[in-house]
1. Name the most mobile residue of B:S23, B:S236, B:S271, meaning the one with the largest mean-square fluctuation, in a Gaussian network model of chain B with Cα contacts below 10 Å.
2. In deg cm²/dmol and to the nearest 500, what is the mean residue ellipticity at 222 nm of chain A if only DSSP H runs of at least 4 residues count, each as -39500 (n - 2.57), divided by the residue total?
3. Can you pull the Kirkwood radius for chain B, inverse mean 1/r over Cα pairs, to one decimal in Å?
4. When the dipole is taken about the Cα centre of chain A, and only Lys, Arg (+1) and Asp, Glu (-1) are charged at their Cβ, what size is it in debye, to the nearest 20?
5. How far apart, in nm, are the 7 Å Cα→Cβ label points at A:K362 and A:K171?
6. With every protein chain left in place, what is the accessible area of B:D275 in Å² (1.4 Å probe, nearest 10)?
7. Using a 1.4 angstrom probe on heavy atoms only, work out the carbon and sulfur share of the accessible area of the protein assembly as shown in %.
8. Across peptide B:250-256, how many C-beta atoms of other chains are within 10 Å of each residue C-beta, on average?
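The values are calculated or read from the model by the stated rules, or taken from the named source; none is laboratory data. In this text, all values refer to a predicted model and were calculated from it rather than measured experimentally. Reconstructed Cβ throughout: ideal geometry from the backbone, glycine too, with neighbour counts over all protein chains shown. What goes into the accessible areas is simple: the full protein's heavy atoms, side chains included, and nothing from ligands, DNA or RNA. Shrake-Rupley method; radii C 1.70, N 1.55, O 1.52, S 1.80 Å.
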Amino acid sequence: MRFMRLICYSFVLLGLLSTGRPALAEDTIKLAYTDPFSGPFASGGDEFLKIFQFIIARKNAAGGALGRKFELVPFDDKLQPAEALIALKSMTDQSIPFVMHCTGSNVGAALIDAVSKHNARNPDNRILYLNCGALATELTNEQCDFWHFRFAGSVDMRAAARIKALPADVKKVYLLNQDYLFGQSIQHDSKKWLAKLRPDVEIVGDELMPFGKVQDFSPYVAKIKASGAQSVVTGNYNRDLNLLIKAANDAGLNVRFDTFLAHLIGGATAIGAAGENRLTSIMEFNGNVPVDLKVPAAEKFAEDWRTSGHDTDFSTLNFVTMIDMLTDAINKAGSTDPLKVALALESLQEKDMLGQDVTMRKDDHQLLMPFYAGIFSKDVKYDSEHTGFGWKNYMTASATDLTLPTICKMKRPE
Amino acid sequence: MEIVLVSLLNGLVYGMLLFMLASGLTLIFSMMGVLNFAHASVYMIGAYLAFTVSQYIGFFPALIIAPLLCGLIGAAIEIWGLRRVHANGHIAELLFTFGLVFIIGRSVQMIWGMLPMPYRMPAVLDFPLFTFYGEYFPAYRGFMLLVSAAMLITTWLLLKKTRVGLIIQAALTHPQMASALGHNVPRVFTIVFAGGCALAGLAGVIGGNYQTTEPGMADSMGPIVFVVVVFGGLGSLLGCFVASILMGMIQSFAVVINASLFDLIKPLGVSLPGDNLFTEFMTVPVARIGALLPFALMILILLFRPRGLMGTRDT
C-alpha cells in the first residue's frame, strides 16, 4: 500500500515538473517531425531524423530564417495514422507552425485531413503540413489540400521516370509489387506509362505478393525465369527487394532489376555484388550526380555527410530543397504564420543544390523536381555504404519531363 | 513439369530451414509446455553472433560458436527468468517470453544498429552445385539440407536412444518421480531450454546469410514457426518435420499457381455477379494469397484436430 502511494506521489511530482518546465527559447522556429522511430520501419525514420538534424544544423549556421534558428521536434508515429494524430494534437498544443512527415501514405492521408480540419477550426493556431515522402499520387490529386505541400515526387512521377529509364533493348518485363496501397499504385502507374511510352514492351508477368510476408523468393525466381522476362520492374523495397535479388542471384537468373527504391538505406549492403550491372533505381540524388553535373558544392555536401560519422549515403536532396524553400518562404512572408508562409510557398521557383529548376506548383502543391536513374556499378567515384558498388547515373528526367497533369480542385482559405 | 520439379526442390529447401527453426521450439514447447515467443529472437541473435564471429575467425568456427553462445543465453534465461516465473503458471511464462521479444529486439538494434549486416555465405560454398532445368542449385542450399538432416537425426537419436534422453523425458512427464529418484530436475529443464535455443541459434547461423541479417528478421520468421509447431503437433519431432516440409511446399507451389477458386468451378458453367466482395474473393489468384495459406491451414487444424498432425496429447 505504501509502495503504491509512493508511485502515485512520484507521478504527481513528475507531472508538476513537466508543467513547470520553462517555455523554450521563444526565438526559435519549431519544426515538428513525425515518422516511425520504433517498429519494423524504424531504420528509415531514424536515418531521416539524422539527415534533418544535419541539414538544419547547416541552415542554422547560415543564419536560419528571419534571424531566428530552426528547432527540430521529433515525434514517433510508429507508422500508424492514429499515433500521428495524437502527435499532431501535441504539436498544435505547443503551437508549432510546421509539421514534416516522410513515411507512409496512409499516415499522410490522415494528416492532410486532420490538419485541414484543425486549421478551419483554429484560425489563430494553424499548422502547415510539409510532406517529404508520402508518395501516393492521390495526395495531390483527389485528396489535395491547401495546407499540404509535397516535396517529393509522386508515384506517378516516379513511374514516368522509371519507364523512361528502361533501356531500349528491354522488350519483355515482369511486374512484381507488394500487395498494399503503394505497391498497387506502382503497378497501376507502371502499366499506364508502359502503354504510353513503350508500346513495344510486352508485360510477361504481372504479380502482387504479400507485403513483408515472403521468406523464400525462389518460387518467384522460378516463375520469372519461366516467363522469359528480360527485366523485373518492381516497387519492392527493403527485405522484399533484398531477398528477391539474393534468390535470383543464387539461382543464376540473368535478368535486370529495374526498381523504384533499391537505393533506400541498407539496400546496397544487403544486395552487394548480386546487383552488379543489373540493378537500377530512380533517385532524387546520389553521390555521383554532382560529379557528373560538376557541382562541387553538392559533392562536398554529400562528402561532409559521409565523413561526419554516418555510415550511410546522402540521397534525399528533396529534404534540403524543402528546408531551403521553407526558409525562403518564411523570409519572403516576413513571418512564420502558416497562412502567409503557404501563400509564399505557392509558385515558388528555385534552383536546387544541383542547380536544377524546381517549382512548387500552385494548383496541387506538388513540387516539380528531377529524378536520376542509376545502375549499380563498380565504375563510380563514390560507392554506397562501403560496398565497393555505387550508383552510376545513366539518365536524368527533368522537372519539365515530369510535369504531369493534376485533377486537384483545391479549396483555398479566403 | 519443369516448374513442378523446381518448385519441389525450392519447397524442400525452405521447409528444411523452417524445420531447423521449429525443431528447437517444438522441443521446448512439448517438453516444458512453454510456448517460447522469443524463439525467433534467439534465431536473430544466432545470425548476428555468427556474423560478428565470422568476421574474426571465419564462418565454420562461427557455425559451432554462435549456437553455443545462444545455448548459454538460453540457459541464463531459464535459470534467472523462466524458473522464477514458472511458479506462477504457464500464462506468466508466456508473458515473460513475450516481453523478451521486445527486449531482445531493442538490444539487437542498440548493439548492431538498424541496418542489414553484410553477412555473406562463405566463399567455399558459394558456387552452383548443379544446374537444374537451367537454374542453378547453389552449394549453400545443399549444405543447408545436410545440416538440417544431421540435426534431425542427432536430436531424434539423443532423445529416443540415449540414457540422457530417457531422463529428460522422465523429468518432463513425471518431475516429482524423477526428482525422488535422485535426478536434478531443474537442471534438466535448463538443458532442454538451452538446447532448444542452441538449435534456434544454429538456424540463425544458416538462415542469416541465406536471407538477410537485420532487426526485422525475428518478426518475419516468428509467426510461420508457430504455425509449424501447432500444425505438426505437440511432442512430436516427426510431426514438426512433416509440417515444416508441407509448409515449405505449400508456399513454393502457391506462388506458381495463377488460378483462382473461380477457375475451379468455371467449367460447371457458373458465372459470378458483378463487382462485390464475394467475386473478389473467388477470383483472387492463389499466388497472391500464397503466404497466408499456412495460417488458414493452422485455423483448420485447430478446429478439426486440435492435437495437430502427429501430436501425442492435447495441450
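1. Fluctuation is largest for B:S271.
2. The per-residue figure over chain A is -12500 deg cm²/dmol.
3. 20.9
4. Details: 45 positive and 49 negative charges, 65 e Å.
So the magnitude is around 320 debye.
5. Distance between label points: 4.9 nm.
6. We get 150 Å² for B:D275.
7. The C+S portion of the solvent-accessible surface of the protein assembly as shown is 63 percent.
8. Across B:250-256, the average partner-chain Cβ count within 10 Å equals 4.
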